[in-house]
Amino acid sequence: MSEKMNFQAEVNQLLDIVVNSLYSEKFIFLRELISNASDACDKLKYLMLTHPDMAKGGGAFKITVTPDEKNNTLSVADNGIGMNKDDLINHLGTIAKSGTADFVKNIKENGSAVDLIGQFGVGFYSAFMVADKVEILTRKSGEDKAWRWVSNGRDGFEISEAEKETNGTDIKLFLKEDQKEFTNSLNLRQIIRTYSDHIDYPIVLDLGKAGEETVNSASALWMRNKADITSEQYKEFYHHLSKNFDDPWLTLHFKAEGSIEYTGLLYIPSTAPYDLFQPDVKNGLKLYVNKVFISDKIEELMPRYLRFVKGVVDSADLQLNISREMLQHNVLIEKIKHGLVSRLLKEMQKKAKNYDDYMTFWNPFGIVFKEGIYEDFSNRETIASLSLFNSTFSAEKLTSLDDYIARVKGDDKSIYYLTGDDVAVLRNNPQLEAFYEKGIEVLLLTDPIDEFWTQTLPNYKGYAVKHISQAENLAFDRKGQKAADGDLQKLKEFMAGLFKDRIGKVEITEKLTKSPVSLSVENGQMSIHLERLMRNHQQPTAFASTRILELNPYHPLIIRLSEMAGAGKDNAKVEEISKILFDQALIAEGEAISNPSFYSEKISEYILKGMD
């Protein structure tokens, strides 16, 4: 007896997108189904390390593609791990684990979603591009019951008990009338050899009375000689691993020899996956022992700041029956990790010489890569050298620390930086005015991780990394009138009392040239930007910084205001103007002002007066 079920909410919408607008080439469905079959074989192969009887009677692993021109059907079968009823419902009736809502949202926002399909694990649904109906017969390894899943891709699906002698999954596509080309053996042979030749299991084309033919080379691509692999084969293997449709920015294939031997085939994508910033995302490397798949969830194999790297690592020096728990504390894994990171960073150093090409990597992954300055002590300076930053030197191109150092003038061996939320706002921060005046470059840092790596990298190649508040000797010859010391003291006392609940003190500064006031903190304390980040993430700020309101004694507005404060007249007007100036200082730092209505009203009032 069959059981009728509905697809999860949004899956129907997703199916409509996949079938009607996602793929530009419909033959991609075959690659997706073969990749899924390969993964099923990988999973069972791993389970057999500890449970040899799991695939009893199933024979050698293979994937069978059977066209039936007479009945206009195409089948893709494997003898991998198989599925039970719960698996069918969870994997084919819903896409909850893959984030359907996010997938649909990305499609709407990006217009083209070809690069997104693999990231959300919905490749199976591409079968409905060419099929009116899909029927699955499957039996999970180690279980007695088999199940049949049937759907037209529109009205939900039906599940019923079935009969199947061995484990694995058979997917039968009842092709649409205009898709008969996918029963043509010549066409199928070309598609398989082009897109699935790297699959490490025989892909057999069952031609009925004409017999069976193994179409692919069925050898692990990473174990082949580099000279025998084409760039297209490397790309297709990347697509198979990543489930993405972009081309890799970097491909690194090598064999390490020495105290430990292993082969690595690593890729850096050119587009960021949707889950790049999800805290529970696992690294993208697959670990093999002599071509036997072990796991793709070994976090110790690649540091977090390189979590976007995809690829395969295969070592004969690891035990074949090693457990995932043992891998987490394995000395050999640590050595492999060290070697992988070292080789990747060296290749990136070569690629970084071409700025435009390097930006293809930096734009999607730079914010993550910089985490390594904070996390990876042994490679900290190398990662810093590969990092790019906005700076006051140019609004057009990012700069490296080495380029910054090459432009330093004079004897001040410092690299100055300022943190905030927006580059455009930072460029106009009043605290930069003296730096502009003296021709001193400042890095403009807007990523949250910038607040942390700058604390763990105090020096870079002999240059101190400093917040601009730590700069010294910024004074220069100033021309023009300056507020009287006595009047300034009165104004300082007035403002200190007026803002006593919001700032620690008021000081006179020589660092401002155009602005009347600015906000800063005590040297060595948490920056205003970091405090704001912690507030936004509801983190306690027990060690809140002391805010300092800095006054520019050369600014006409401060001169006039100090005269009024010194004379003790118009205190109401002094208070009003002081509040406006304080709000301006807050706005320049990206902070919220307490009374926007007051600020807007007074600014409008003063503008109107200036128009008379």
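The values are calculated or read from the model by the stated rules, or taken from the named source; none is laboratory data. None of the values given here were measured: they were computed from a predicted structure. Note: accessible area is taken over every heavy atom of the protein model, side chains too, but ligands, DNA and RNA are not part of it. Shrake-Rupley method; radii C 1.70, N 1.55, O 1.52, S 1.80 Å.
Could you put Thr166, Thr50 in order of accessible surface area, largest first, with the 1.4 Å probe and the full protein assembly present?
Values: Thr166 45, Thr50 95 Å².
Order by accessible area, largest first: Thr50, Thr166.
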Name the shape class, rounded, prolate or oblate, that the alpha-carbon gyration tensor gives for the range 403-534, where a ≥ b ≥ c are the square roots of its eigenvalues, rounded holds for a/c under 1.5, and otherwise prolate holds if a/b is larger than b/c and oblate otherwise. oblate
Of the listed links Lys490/Lys579; Lys409/Lys492; Lys409/Lys466; Lys133/Lys235, those spanning more than 24 angstrom between alpha carbons are Lys409/Lys492; Lys133/Lys235
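Report, for the chain, the % of DSSP beta bridges that are antiparallel, rounded to 5.
75 percent
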Per residue accessible area in Å² of the chain, where ligands, DNA and RNA are left out and the probe is 1.4 Å: 47 Å²
Over the range 376-523, what percent of the accessible surface lies on carbon and sulfur atoms, probe 1.4 Å? 46 percent
In order through the range 210-218: 3J(HN,Hα) via Karplus (6.51 cos²θ - 1.76 cosθ + 1.60), integer Hz, x for Gly, Pro: 6, x, 10, 9, 7, 8, 8, 6, 6
Starting at the first residue of the range 346-363, write each ³J(HN,Hα) from the Karplus equation 6.51 cos²θ - 1.76 cosθ + 1.60 with θ = phi - 60°, in whole Hz, x for Gly and Pro. 5, 5, 5, 4, 5, 5, 5, 5, 9, 4, 4, 5, 5, 5, 4, 7, 5, 4
Roughly speaking, what is the centre-to-centre gap between the range 52-69 and the range 418-453 when only Cα atoms are used, to the nearest Å? 61 Å
Amide H to amide H, which residues 5 or more places from Lys466 or on other chains are under 5 Å from it, using H placed in the peptide plane? Ile415, Tyr416, Tyr417
Kirkwood-based Rg/Rh on the Cα set of the chain evaluates to 1.11
Accessible-area value, Tyr274, 1.4 Å probe, nucleic acids and ligands omitted, Å²: 60 Å²
